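A.B. asks: Input: one structure, supplied below.
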Amino acid sequence: MKKFTIFGNPVKHSKSPQMQNSGFKHIGLEANYTKTKLEDGDTIKELFLKNNFDGANITVPHKELAFKHADEVIGLANQIGAANTYINQDGKVLAYNTDAPGFLKAIEEFGDIKNVLILGAGGTARALAVAFKEKGVSTTILNRSKNRLDFFEKIGCSVSTWDDFQIASNNYKLIVNTTSAGLNDQELPSPKVLLNMIFANAKFAVDCIYGKETPFLKIAKDKGLQYKDGEDMLLYQGVLAFELFTGCKADKHLIEAMRKGLKEG
């Protein structure tokens, strides 16, 4: 029986186990995927190996520490500086990031995006910023404070804090919330007055939180934007992680099996 888990804090809300276990069942693999609440992200590699996990996903707030403690980082995760997937290769911990390609797949329905505003400056924001910059999308980061904004400046993003933010003359067509605001509360990822200003000329909004209409999405809805939660991002990054876990290329039937599992419960 192969063992997989998701590390996070909080992690109780995660639907990754039901999605991944549905995928394992679909291909007939004897495997089990669980949840692991992790308080101290610096212990992630030790705990991963101690429990003999074959693979894992990593969610808020441990993606940057998962990157830091891996034995080897593969692909796009090197540019992002954050990892959301671990693979155990004979006791060697390999780290990947499937957030970026998963998100881009999730927003294909929005068409060609020229400029985007990302709220937050954590591991998910890093992944999306790198992905957007690689596609030539003008990208701005808005964070509560200057803390952690250096990374985004280095890769060519515009950066602002709540105190110095001024909406660009070309506005932002897509607004993305990568913070945990609204996950277990009614908080907004930035002051409401800023959101009202930002949404005034936007067309699309995405919250990386899934399974609920967050206060952020409610404002987007009230402003008439086309919006979506993070379910599709979760699905597509999960499909990519599943391929790493199993070596099995996902076809449309597997993807639908995983989507069905995601919607259960």
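A.B. asks: Among residues belonging to the stretch 206-231 that are under 23 Å from P61 (Cβ atoms) and among the hydrophobic types (A, V, I, L, M, F, W, C), point out the one that is surrounded by the fewest Cβ atoms within 10 Å (Cβ to Cβ).
C.D. replies: My answer is L217.
A.B. asks: How about the stretch 149-220: which strands (runs of 3 or more DSSP E) wholly inside it have at least 1 residues that are under 21 Å from L235 (Cβ atoms) and aliphatic (A, V, I, L, M)?
C.D. replies: 174-177, 204-207
A.B. asks: Let me ask something else about it. Can L65 be described as at pLDDT 95 or above and surrounded by fewer than 19 Cβ atoms within 10 Å (Cβ to Cβ)?
C.D. replies: no
A.B. asks: Could you please give the count of residues in the stretch 20-43 that are closer than 14 Å to T85 by Cβ and either under 18 Å from the mean Cα position of the chain (by Cα) or in the same structural domain as L183 (by TED's automatic domain parsing) (or both)?
C.D. replies: Adding up the residues that qualify gives 1.
A.B. asks: Can you pull out the residues in the stretch 232-265 that are acidic (D, E) and surrounded by fewer than 17 Cβ atoms within 10 Å (Cβ to Cβ)?
C.D. replies: Matches in the stretch 232-265: E243, D251, E256, E264.
A.B. asks: Report, by residue number, each residue of the stretch 1-46 that is of a type in the set (V, I, T) and in a strand (DSSP E or B).
C.D. replies: Hits for the stretch 1-46 are T5, I6, T34, T36.
A.B. asks: Would you mind stating whether N57 is in the same structural domain as F7 (by TED's automatic domain parsing) and in a strand (DSSP E or B)?
C.D. replies: Against the criterion (in the same structural domain as F7 (by TED's automatic domain parsing) and in a strand (DSSP E or B)), N57 qualifies.
A.B. asks: Considering only strands (runs of 3 or more DSSP E) fully contained in the stretch 64-124, which possess at least 2 residues that are touching a residue at least 60 places away in the same chain (Cβ under 8 Å) and in contact with a helix residue (DSSP H, G or I) (Cβ under 7 Å, 6 or more places away or on another chain)?
C.D. replies: Fully inside the stretch 64-124 and qualifying: 85-89, 115-119.
A.B. asks: When the residues of the stretch 1-15 are narrowed to those that are of a type in the set (V, I, T) and crowded, with 23+ Cβ neighbours inside 10 Å, which ends up farthest from T34 (Cα to Cα)?
C.D. replies: So the residue we want is I6.
A.B. asks: Does any residue of the stretch 160-180 turn out to be out of contact with any helix residue (DSSP H, G or I) (no Cβ under 9 Å at 6 or more places or on another chain), farther than 17 Å from V116 by Cβ and modelled with pLDDT of 95 or more?
C.D. replies: yes
A.B. asks: Right, here's the next one. Please work out which one of (1) assigned by TED's automatic domain parsing to the domain that holds T36; (2) surrounded by fewer than 15 Cβ atoms within 10 Å (Cβ to Cβ); (3) under 30 Å from N196 (Cα atoms) is the condition E109 fails and give its number.
C.D. replies: (1)
A.B. asks: Right, something else. With respect to S145, determine if the residue is touching a residue at least 12 places away in the same chain (Cβ under 8 Å) and under 19 Å from V60 (Cβ atoms).
C.D. replies: Criteria met by S145.
A.B. asks: What pairs can you find where one residue is in the stretch 154-169 and in contact (Cβ under 8 Å) with a residue 12 or more places away in the chain and more than 9 Å from T140 (Cβ to Cβ), the other is basic (K, R) and part of a loop (DSSP other than H, G, I, E, B), and their Cβ atoms are less than 9 Å apart, with a gap of 6+ or different chains?
C.D. replies: T161/R144; T161/K146; W162/R144
The values are calculated or read from the model by the stated rules, or taken from the named source; none is laboratory data. Just so we're clear, the structure is a prediction, and the values are computed from it rather than from any experiment. Every residue, glycine as well, gets a Cβ built from its backbone with ideal geometry; the counts of neighbours run over all protein chains shown.
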